[in-house]
1. Run lengths n ≥ 4 of DSSP H only: what is the helix-derived mean residue ellipticity at 222 nm for the chain, with -39500 (n - 2.57) per run over all residues, to the nearest 500?
2. If R0 is 25 Å, what FRET efficiency do you get for residue 33 and residue 108 from their C-beta distance, rounded to 0.05?
3. Quick one: the Cα spread of the chain along its three principal axes, in angstroms, biggest first?
4. Any chance you could run the full-extension gain for residue 65 through residue 5? It's 0.36 nm times the residue separation minus the Cα-Cα distance, nm to one decimal.
5. Note down the relative contact order for the chain as a percent, whole number, built from C-alpha pairs under 8 angstrom at least six residues apart.
6. Compute the long axis of helix 76-88 from its Cα atoms, compare it with the longest principal axis of the Cα atoms of the chain, and write down the angle in degrees, 0 to 90, nearest 10.
7. Using a basic spin-label model with each label point 7 Å from the Cα along Cα→Cβ, how many nm lie between residue 87 and residue 45?
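Any read-out appearing in this document is the output of simple, stated calculations on the displayed coordinates, not a laboratory observation. This is a predicted model, so every value here is computed, not measured. Note that each Cβ is placed from the backbone with ideal geometry, even for glycine, and that neighbours are counted across all protein chains shown.
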Amino acid sequence: MPQVSEDCTVILDGHGYFLKPGSYREELPKLVEVAPEAAAGPPVVDYGSGKQVWHFTVLAQSAQLNRDGTVNPTPAATYRVNLRRSYAQAGPLAYVDPYGVTHAVRFVTLQERVPEAAGRWHTALWELDVTLVEA
């Protein structure tokens with residue numbers, strides 16, 4: 001079982017992933033409604049917090065280093081395949097964020113990129129942009 005901060009940055013659907021530095025974002029939206037037809041001006045109705053949304057980029061590359069400096073044996077293609085399998089699921093998934101907190105989420109988007117350097121050096125490397133929303 002992967003461990004956040006030991007051999008991965010986040011865990012999604014039981015699989016650990018390393019994130020691209022600086023790519024992690026968490027949104028805490030507020031649900032509000034503006035009623036412009038009100039005579040005294042546009043009152044705002046605050047409905048409270050919406051569902052949390054997470055955005056991050058998974059680095060799918062081979063030989064990534066664990067926190068202790070050992071090489072993680074997971075091949076790049078395995079990260080990619082595991083994300084695609086999770087994306088294909090209809091039900092909620094378990095997501096453990098970088099702080100070790102577990103959330104029930106739904107997979108919203110998955111975008112893949114092959115960085116220019118990967119094509120030049122013929123190495124298996126993908127950057128996968130992930131968006132999750134609280135279930």
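1. Rounded to the nearest 500, the figure is -4000 deg cm²/dmol.
2. 0.60
3. Dimensions of the chain along the principal axes of its Cα atoms: 65, 33, 28 Å.
4. Net length gain for the segment: 20.5 nm.
5. Working: 278 pairs, mean separation 35.2, N = 135.
RCO, the chain: 26 percent.
6. Value to nearest ten degrees: 30.
7. 3.8
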